[in-house]
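The next block holds one structure in the form of structure tokens; read it before the comments.
The values are calculated or read from the model by the stated rules, or taken from the named source; none is laboratory data. All of these numbers come straight from a predicted model, not from anything done at the bench. Here the Cβ positions follow ideal geometry from the backbone for every residue, glycine too, while neighbour counts run over all protein chains shown.
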Amino acid sequence: MNVLHICSFYPSSNLYINLFNELYKKGVKNSVYIPCKPKVITESNNCIKDSSKLIYAPICKNGDSICEKMVNIFHQYTFCNYNTVVYKNFKKLKEVEKCDIIHAHSLFNDGYLAYKLHKETGKEYIVAVRNTDVNGYFKIAKHLRKLGIEIMKSSKKIIFISYSYKELVLNNYVSKKDLKEIQEKSLVIPNGIDEFWLNNGLIKPKNINKDKIRLIQVGKVDKNKNVNTTIKICEELRNQGINTKLFVVGDGKLLNKLKLQSKNKNYIEFKGKANKEELKKLYDESDIFIMPSQFETFGLVYVEAMTRGLPIIYTRGQGIDQYFEDGVVGFPIAYNDYNEGVKSVKKNHVEL
């Protein structure tokens, strides 16, 4: 089977490499069309990486200057005109004719190309719905909502990465007349975890030290991942007399600022980026995983932490929420409510 993937987010995550490798093991030949900024290209165009043929299309501006940033913003507002130009580049690919089906890895940016091709040639496609689609296009770009619905209706299957996002989209953006049709072709399939964590899952129950709490947050240190709320939770626990420490793993735009703000707080440690073995060790030195992201498609790091025996604190209505009943693997909180976070940390430490 030949699958042509449209994956504009490929350069930003190893998730896709793992997915394509697993598909290859099942006999699937993968070609990956990657609309992107020139600066994110790390391999030569049309190269074979692991199990996939990568086809980079450097059609966006890098955004390094004010002018280039304005051009990219303008393209977002002229979505159909801009993506029609992208589509002309896409449909010339010989892989378009050879593929049996197209997998569009986001609803709007990638799905629009598959939708246009389907209308023109009848080529079938499946489409995934991710954070950018839900909290970007559907929520903000109201003029594109009808197009998003049409892309879903024309697809063979719709893949939601979380139950939360499926519920949010169907309840808020799909009309009653379209609801049944879209529901019938909708599936919830989580992102797949790296084999390393499956092979290194904790076998024995984790020993918890009742006299102190060690929190860990892993991911980009940016506004969306909301490390500020985690720090407030840690500080409030300490104000209540609970010996609490926080490990922050990762880098990002806010790292230096938060380091500076926390320079006299020896109970907060910024670890920077960590490889899998380093991360495994840090999980084992921790008691509770916490990441109160504002928006989250799924959040693989929650599952990574769970393989090392950690209970988790996650955002209500985002990502992993609704995969488990509250209290089974952890507790959901409002992303900006540090008081609820404090209560959940206590419940996690006592009950789980």
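Take the stretch 128-179 and flag every residue that is in a strand (DSSP E or B) and within 17 Å of Y115 (Cα to Cα).
Of everything in the stretch 128-179, those that are in a strand (DSSP E or B) and within 17 Å of Y115 (Cα to Cα) turn out to be A128, V129, K157, I158, I159.
Would you check if there is a residue in the stretch 252-274 being assigned to a loop (DSSP other than H, G, I, E, B), under 17 Å from the mean Cα position of the chain (by Cα) and surrounded by 15 or more Cβ atoms within 10 Å (Cβ to Cβ)?
Looking for residues that are assigned to a loop (DSSP other than H, G, I, E, B), under 17 Å from the mean Cα position of the chain (by Cα) and surrounded by 15 or more Cβ atoms within 10 Å (Cβ to Cβ), one finds at least one in the stretch 252-274, hence yes.
Between a residue in the stretch 304-319 that is on the phi > 0 side of the Ramachandran plot and any residue that is assigned to a loop (DSSP other than H, G, I, E, B) and surrounded by fewer than 21 Cβ atoms within 10 Å (Cβ to Cβ), which pairs come within a Cβ distance under 9 Å, given they are 6 or more apart or on different chains?
G309/G201; G309/L202; G309/K204; G309/P205; G309/K206; G317/A334; G319/F295
Kindly check whether there is at least one residue in the stretch 337-349 that is of a type in the set (F, W, Y) and either more than 27 Å from N209 (Cβ to Cβ) or in a helix (DSSP H, G or I) (or both).
yes
List the residue pairs whose Cβ atoms are under 6 Å apart, where the first residue sits in the stretch 132-147 and is in the same structural domain as G111 (by TED's automatic domain parsing) and surrounded by 16 or more Cβ atoms within 10 Å (Cβ to Cβ), the second is among the hydroxyl-bearing types (S, T, Y) and in a helix (DSSP H, G or I), and the two are 6 or more positions apart or on different chains.
V134/Y165; L144/Y137
Collect the residues in the stretch 284-314 that are crowded, with 23+ Cβ neighbours inside 10 Å, modelled with pLDDT under 95 and over 20 Å from L198 (Cα atoms), keeping them in residue-number order.
E296, T297
Would you mind stating whether G122 is modelled with pLDDT of 95 or more, of a type in the set (G, A, S) and surrounded by 20 or more Cβ atoms within 10 Å (Cβ to Cβ)?
For G122, the condition - modelled with pLDDT of 95 or more, of a type in the set (G, A, S) and surrounded by 20 or more Cβ atoms within 10 Å (Cβ to Cβ) - is not met.
Check the stretch 302-312 and report whether any residue there is among the basic types (K, R) and assigned to a loop (DSSP other than H, G, I, E, B).
Looking through the stretch 302-312, at least one residue is among the basic types (K, R) and assigned to a loop (DSSP other than H, G, I, E, B).
Would you confirm, using the coordinates I've provided, whether K206 is assigned by TED's automatic domain parsing to the domain that holds Y302, assigned to a loop (DSSP other than H, G, I, E, B) and surrounded by 13 or more Cβ atoms within 10 Å (Cβ to Cβ)?
Answer is yes for this residue.
Search the stretch 1-20 for residues that are closer than 15 Å to V127 by Cβ and pair each with any residue that is modelled with pLDDT of 90 or more and polar (S, T, N, Q) when their beta-carbon atoms are under 6 Å apart and the residues are at least 6 apart or on different chains.
Between residues of the stretch 1-20 that are closer than 15 Å to V127 by Cβ and residues that are modelled with pLDDT of 90 or more and polar (S, T, N, Q), the close pairs are V3/N30; L4/S31; S8/N109.
If Y283 meets every condition in (1) aromatic (F, W, Y); (2) in contact (Cβ under 8 Å) with a residue 40 or more places away in the chain; (3) in a strand (DSSP E or B) apart from one, which number is that one?
(3)
Of all residues being exposed (fewer than 13 other Cβ atoms within 10 Å of the Cβ) and over 20 Å from N131 (Cα atoms) in the stretch 182-200, which is farthest from the chain's Cα centre (by Cα)? Just the residue, please.
Top of the filtered list is E184.
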